[in-house]
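The values are calculated or read from the model by the stated rules, or taken from the named source; none is laboratory data. Here the structure is a predicted model, which is why all the values come from computation and not from measurement. All Cβ positions, even for glycine, are placed from backbone atoms using ideal geometry, and neighbour counts span all protein chains on display.
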Amino acid sequence: MADSISLINNLWVLIAALLVFIMTIAVGFLEMGELGEEYRKSLLKSVLITCSALFFMAFMGFNIAFAPTIGGIIGNPLYTGLFLGGFNGNVPGLLAGVWWSMTSQYFGSGLALGSYFLFETAFAAVTLALVGVVVLKKMRLKAFLLYSAVYFIIIWALPAAWIWNPTGWLYIMGMRDFAGGLVVHGAAGAAGLGIMYQIWREEKKKRLKQSPQVPIKLNPIWLTLAVLLLWIGWFGFNPGSVLAFNNSTMTVVLTTFLAAAAAMFSTLIVGRMKAKQLRRHELLLCVNGILMGLIVITPLAGFVSPLSAIILGILAGPLFIYANLFFSRFKWFTDPIGLLPGHLVGGLFGVLMIAFFTQAPFAAASGNGALSNGILFGGGTVAVGQLGIEVFGIVVVMITVFLLSFVTCVVIAAIMKGITIDYKK
Amino acid sequence: MADSISLINNLWVLIAALLVFIMTIAVGFLEMGELGEEYRKSLLKSVLITCSALFFMAFMGFNIAFAPTIGGIIGNPLYTGLFLGGFNGNVPGLLAGVWWSMTSQYFGSGLALGSYFLFETAFAAVTLALVGVVVLKKMRLKAFLLYSAVYFIIIWALPAAWIWNPTGWLYIMGMRDFAGGLVVHGAAGAAGLGIMYQIWREEKKKRLKQSPQVPIKLNPIWLTLAVLLLWIGWFGFNPGSVLAFNNSTMTVVLTTFLAAAAAMFSTLIVGRMKAKQLRRHELLLCVNGILMGLIVITPLAGFVSPLSAIILGILAGPLFIYANLFFSRFKWFTDPIGLLPGHLVGGLFGVLMIAFFTQAPFAAASGNGALSNGILFGGGTVAVGQLGIEVFGIVVVMITVFLLSFVTCVVIAAIMKGITIDYKK
Amino acid sequence: MADSISLINNLWVLIAALLVFIMTIAVGFLEMGELGEEYRKSLLKSVLITCSALFFMAFMGFNIAFAPTIGGIIGNPLYTGLFLGGFNGNVPGLLAGVWWSMTSQYFGSGLALGSYFLFETAFAAVTLALVGVVVLKKMRLKAFLLYSAVYFIIIWALPAAWIWNPTGWLYIMGMRDFAGGLVVHGAAGAAGLGIMYQIWREEKKKRLKQSPQVPIKLNPIWLTLAVLLLWIGWFGFNPGSVLAFNNSTMTVVLTTFLAAAAAMFSTLIVGRMKAKQLRRHELLLCVNGILMGLIVITPLAGFVSPLSAIILGILAGPLFIYANLFFSRFKWFTDPIGLLPGHLVGGLFGVLMIAFFTQAPFAAASGNGALSNGILFGGGTVAVGQLGIEVFGIVVVMITVFLLSFVTCVVIAAIMKGITIDYKK
């Protein structure tokens, strides 16, 4: 790795990794910002998730996601050996050289094992942090820790192997998801639903008629701090997903931040018109708008122009308001932070928009030369085909992740006699 | 942008941009730190300012400031097209190439549109955040949002076009302002005075005899956090203003941080002697000292030696204490955070000091080879001439910004029937 | 410094310096997190330490530590001139060129004066911040400020000159301490003991039978924020200590973060078994575990493999729990944050482990080619010799720092009539 372009790419991705690691802790502060300072256990959860991600992704999860795949299905779990090679100093890309998928044969940006591992592990951590918002005051901490081990080794790693690994079967089919509308946000929603379902099964056994709700209790200070940290984190999340530092990286900062700004305005305006109970909560509307803009642009930030990013941001506002109104009917949901209306709906919407808003020059610049123009830019039948592939990928991944998550919970419940905490305490 | 030196310059400026973006939010925390946790609306304001800056600078403000100027007066507003080119992937410096003023004909650091836009937009945002401290509990939020649109498109952009654009008339005349003693701090003071004046006109109509004061109520925790964030931000603010990464960039970190350290000591010492009511508020003195040192060094951080930075920092302390005592007489001012004694006085003082403390080797290293030695380093009549240019630039910009700000407020007041909130609420 | 590899190294070390500066403020938040929000003076202390470090390291401390040494004992205090050359623009490595020890004759990474000064000054600041935890509510602020001047000029600088300066006598003897197990953590403990001893002498004169204890009062929010900031800071602390950006830098992030993760788990498990009073404080156990893992890996993060880092992290947990139980017997200690069980024991333990866990390929990659394999990797008698050198270095440095610290306190006490605050207030 003596050439300076590779070094610059590694430096950028390493810095981006640090920014994304902050997001996991930020989710803890977000929970405290929406539910009040008594939800301090959220902070403990964030810290545990970060450490668990480092440990189990190093153990094997990273290989399962990013080592050369076996038949496109699963990365070779022993490619580096356990724990990134254990005591071995000759692991490719560790002390010298480049990770296999970063050679010129594949992505070509010359990333080493260290920077790539840290970047993707930070992604895995923040995905579980999103899943974790649904277990608040519901799931036993030990059960969640056990779940996290399975999550990082297989549940997170599998969709990553399929979509982000250049030998994965969905990647080869043509599926693209720039920074994780499906791999992060959608999959977090599916995994969360899997846990919710098991919790609801246990609650019904206890003859509960409704899942106990966690009341919203805004703390504007922590909310703002959390959004500031998440915003900073997204500075690494999307632009880091170019996996290199070049003009496209900077354009992705633009599309990311412009979508956030536009979504803030549209959420504020639509929210004040449509959601009466939120009319006086301008800060909450602004904050949710920013997050929604950031989520929607995530899967295609590297494929679109600045003005498309603004349009997508403007669409994100009403999407969030209406999704929120829709999901708030189902009182059996435990979703105080809005995982489902926000991350699941916003993430998947963004993935679908790939087939509409992509412009080939932007996609090519971010290393996705296989993508053609979207439907709105004259992509025609090719773009419709892309839409089909994205829909197919969404369906396959959502079902897989939901089932894996649910089965994991069932097994843990069998071992630990239930995953739900005792509400009487 | 294939050469690695340009890539390094872009990477540095992009990171600096992120650090400067944090400063806008930090101003919100600063208000909370000086006025108490009930001033949470400050946080909403910070978030709104950031999004508004991104949106309106992309819309047109960036072109007005940084596109090739029309006769040195104003940048071509349609140089890239609206919104940084809209759907156009061929904008110069976006997906490929370099922004025109960063070619070897001008500044030569090879910055692309993305990194330069984000860096300067962060500057614009934090400038309005400084302006915004005077509207606290005074100006209607909608009026401030409208004001922000005009501010980013024209009020902030015009002085930038004159002084920071290499084809601007003041730049060509020889005016220099390294990181914004006038363009940021001085102009923020002038814009703030324009708003204050309109508010005071409305308050007089309501037969108020004194503008309602916002009482100071220290919260040391938020104050410290705010200063930490501002300090981190200044790590990007001044050194990023080299617009490249080289030895000078690192020297600017030195001058910036040394001025802050020296100013803390001098403010603490002079404050304990002169400002009896502050004697026991060591933290407030330290914090204000650090900020004052950072403000004073801003316009010449790239022109001076480390020891000059320390001397300037030492001068900043008594300057702040005495300016504060001076302005606290005018009770009709609404200035709980000290915009006028701090940013206006400190910023303009620093601009004047350019003509005294500049050393040509330091200025040349930061890309300002046209600057000669200052009066204290044998600059003689050339340095006196530079002093004249700086004074002239200050007068022109302060009057222009004051008038633009005031007229904008008058127009908004006419549309919205007043910009002042109803104090009875 | 026109070559891009040097620029990349400087950019990385400059960013790392910023991250390490954050740690000093983070220690202030850590104190507040363990002792409650009323310990706001901790924040003032952190700010003072940072400014004092910048001022006195620039004055002379940096030269004493990092200029070419006089006989291996002390760096030439006037190598650059006072204050990094004062008004002189021709200081080597300032506006052009490379700091002498970063030329190819020594470390060869091409660092300039600015980035190296800022990185090491941030280290000095955070070391005094660790020392400062023992003076909480005990030492007069003025006395501590005076102490800080002596500390940065000589007490911190001397061990750095011996161990980190390539012409220092311990460095030449073969002593290695990657990122400061001894120079930072161990020495902080020794300096703290020197202050404690003088305070205890003064307290005995006042006929106190026990040093007044500062009661622990957890604030989980500030605790988590502090750990987040420290964790981010360590991202610069250890990987920045490669003093270059290369594959080893990234491997050091891996070893650092994996040790932290493993230590969190082992501290949580051992803590719940052994420390009954902590059983329900999972957050405190996790947080202390993370810190302990980070401390233990610090002196050898650049010398070991990922799996060794995990093993060292696992060992760090019980080490902390038992050290804590051991030191909590001595009620005359004033050590609410655990300086002694954490930083002193953990830091020195890590230094000793160099002789056991080092693997030559990892050490060579981080620029320490002189180190051979440790005892556990077949190092044999050479490794035993290394152990002897490390033990010798520890003894010499600990005694020197303790004596310098104690004598400084005695002198200050003579000048100011005691360094202890009046407890009656």
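Structural remarks
- Of the helices (runs of 4 or more DSSP H) that lie entirely inside region A:308-425, those containing 2 or more residues that are more than 14 Å from chain B (Cβ to nearest Cβ) span A:345-357, A:380-416.
- Residues being under 30 Å from C:Lys204 (Cα atoms) and at pLDDT 95 or above are represented in region C:156-165 by at least one member.
- Criterion applied to A:Leu54, A:Leu14 was being in contact with a Pro (Cβ under 9 Å, 6 or more places away or on another chain), in contact (Cβ under 8 Å) with a residue 60 or more places away in the chain and at the interface with chain C (Cβ under 7 Å from one of its Cβ atoms), and the one residue passing it is A:Leu14.
- Just one of the listed residues (A:Thr400, A:Thr420, A:Thr408) is touching a strand residue (DSSP E or B) at 6+ places or on another chain (Cβ under 7 Å) and under 20 Å from A:Phe144 (Cα atoms), namely A:Thr420.
- Within region C:31-43, restricting attention to residues that are within 26 Å of B:Leu258 (Cα to Cα) and buried (at least 22 other Cβ atoms within 10 Å of the Cβ), the residue that is nearest to the other protein chains (Cβ to nearest Cβ) is C:Leu43.
- Qualifying positions in region A:247-259 - within 23 Å of A:Thr121 (Cβ to Cβ) and within 7 Å of chain B (Cβ to nearest Cβ): A:Val253
- C:Ser211 over 23 Å from A:Cys51 (Cβ atoms), more than 14 Å from chain A (Cβ to nearest Cβ) and either over 24 Å from the mean Cα position of the chain (by Cα) or surrounded by 24 or more Cβ atoms within 10 Å (Cβ to Cβ) (or both): yes
- Taken together, the criteria place B:Leu118 among residues that are modelled with pLDDT of 95 or more and closer than 30 Å to B:Gly28 by Cα.
- Matching residues in region A:214-242 - criterion: being under 16 Å from the mean Cα position of the chain (by Cα) and more than 11 Å from chain B (Cβ to nearest Cβ): A:Leu230, A:Phe237, A:Asn238, A:Gly240, A:Ser241, A:Val242
- Sole residue being within 23 Å of C:Ala122 (Cα to Cα), at pLDDT 95 or above and touching a Phe, Trp or Tyr at 6+ places or on another chain (Cβ under 8 Å), chosen from B:Ala262, B:Ala244: B:Ala262
- Which numbered condition A:Glu390 misses (of (1) at pLDDT 95 or above; (2) of a type in the set (D, E, K, R); (3) out of contact with any Lys or Arg (no Cβ under 9 Å at 6 or more places or on another chain)): (3)
- Scan region B:260-295 for residues that are closer than 18 Å to B:Leu229 by Cα and more than 10 Å from chain C (Cβ to nearest Cβ) and the total you get is 5.
- Residues of region A:377-425 classified as small (Gly, Ala, Ser) and closer than 19 Å to A:Leu170 by Cα, total: 4
- Only residues that are under 27 Å from B:Tyr106 (Cα atoms) and in a loop (DSSP other than H, G, I, E, B) were counted across region B:137-195, and they come to 13.
Each row is one residue, and each column tells you yes or no for (1) touching a residue at least 24 places away in the same chain (Cβ under 8 Å); (2) buried (at least 19 other Cβ atoms within 10 Å of the Cβ).
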{"site": "A:Gly380", "(1), (2)": "no, no"}
{"site": "A:Ala383", "(1), (2)": "yes, yes"}
{"site": "A:Val397", "(1), (2)": "yes, yes"}
{"site": "A:Thr408", "(1), (2)": "yes, yes"}
{"site": "A:Ala413", "(1), (2)": "yes, no"}
{"site": "A:Thr420", "(1), (2)": "yes, yes"}
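- Check on B:Asn76, out of contact with any Leu (no Cβ under 9 Å at 6 or more places or on another chain) and without any contact (Cβ under 8 Å) to a residue 60 or more places away in the chain: yes
- Taken over region B:295-307, the criterion of being of a type outside the set (A, V, I, L, M, F, W, C), assigned to a helix (DSSP H, G or I) and over 30 Å from B:Pro215 (Cβ atoms) is satisfied by B:Pro299, B:Pro306.
- Candidates C:Ile49, C:Ile70, filtered to the one that is more than 8 Å from chain B (Cβ to nearest Cβ) and either more than 21 Å from C:Gly233 (Cα to Cα) or surrounded by fewer than 24 Cβ atoms within 10 Å (Cβ to Cβ) (or both): C:Ile70
- Any hit, region B:87-107, residues being touching a residue at least 24 places away in the same chain (Cβ under 8 Å), facing another protein chain (nearest Cβ under 9 Å) and surrounded by fewer than 24 Cβ atoms within 10 Å (Cβ to Cβ): yes
- Test: residue in region B:144-152 that is among the aliphatic types (A, V, I, L, M), in contact (Cβ under 8 Å) with a residue 60 or more places away in the chain and surrounded by 20 or more Cβ atoms within 10 Å (Cβ to Cβ): no
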